[in-house]
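The values are calculated or read from the model by the stated rules, or taken from the named source; none is laboratory data. Just so it is clear, the structure is predicted and the values come from calculations on it, not from any experiment. Counting neighbours? That spans all protein chains shown, and the Cβs are built from the backbone with ideal geometry, glycine included.
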């Protein structure tokens, strides 16, 4: 039968604009955070990561901001392109040396021409 | 580098049969791999941690006798869905890490449809 799933939040942006995708994480003990991009029918693709001793990290066209006070993470994509259309997930890792990740619910980014 | 390959990419099977999904790390050795499950429009849910040479660690609510995991080598983990039922239809994704504390790299997933 049909599964009852969540409706992914959707962010629609115009090509060339900047995108900001937000994520609230749950565990104050999390010390490592990753943003993944998932295109339809594919596995998640690593975008950028940040550790809890930082509050900002920049990559190519992407910036991740971490606010530990309110347990909030954001991904900023500059000059959004059609190829950026995908679902974006934040993931958190609780310290201890392991790599078990807990994923957020995801945000669908749609880039309009 | 850090390529994770899954096979098959999709599979259709009849209810009651078993299906094996392979996850390989192509250019690195992975002592630990992770298996996730994803329903449409939903997030990834961790099923189990696959440890080379030892038993897998399953998350709460995941039946270890139904989802058999074998990690016999440093580059291969397999997930076998036994006695599959339509509710097992899902997208199964594996991941591996080059070294602890570094990002997980994911395979491209296996779409399982049980009829």
Residue count, the range A:66-87 (criterion: under 11 Å from residue A:21 (Cβ atoms) and outside any loop (DSSP other than H, G, I, E, B)): 8
Single condition residue A:63 does not satisfy, out of (1) without any contact (Cβ under 8 Å) to a residue 24 or more places away in the chain; (2) not in a strand (DSSP E or B): (2)
Residue list for the range B:57-76, restricted to those being buried (at least 21 other Cβ atoms within 10 Å of the Cβ) and at pLDDT below 95: B:71
Residues that are at the interface with chain A (Cβ under 9 Å from one of its Cβ atoms) and surrounded by fewer than 15 Cβ atoms within 10 Å (Cβ to Cβ), drawn from the range B:77-98: B:86, B:87
First in the range B:67-92 and assigned to a helix (DSSP H, G or I), second anywhere and surrounded by fewer than 22 Cβ atoms within 10 Å (Cβ to Cβ), Cβ under 6 Å, 6 or more apart: B:86/B:114; B:88/B:114
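May I ask you to verify whether residue A:42 is under 30 Å from residue B:8 (Cα atoms), in a strand (DSSP E or B) and within 14 Å of another protein chain (Cβ to nearest Cβ)?
Answer is no for this residue.
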Within the range B:102-115, tally of residues that are more than 7 Å from chain A (Cβ to nearest Cβ), assigned to a loop (DSSP other than H, G, I, E, B) and touching a strand residue (DSSP E or B) at 6+ places or on another chain (Cβ under 7 Å): 1
Residue match in the range A:41-54 (condition: out of contact with any strand residue (DSSP E or B) (no Cβ under 7 Å at 6 or more places or on another chain), at negative phi and surrounded by 13 or more Cβ atoms within 10 Å (Cβ to Cβ)): yes
Answer from B:46, B:26 - the residue that is touching a residue at least 12 places away in the same chain (Cβ under 8 Å) and surrounded by 16 or more Cβ atoms within 10 Å (Cβ to Cβ): B:46
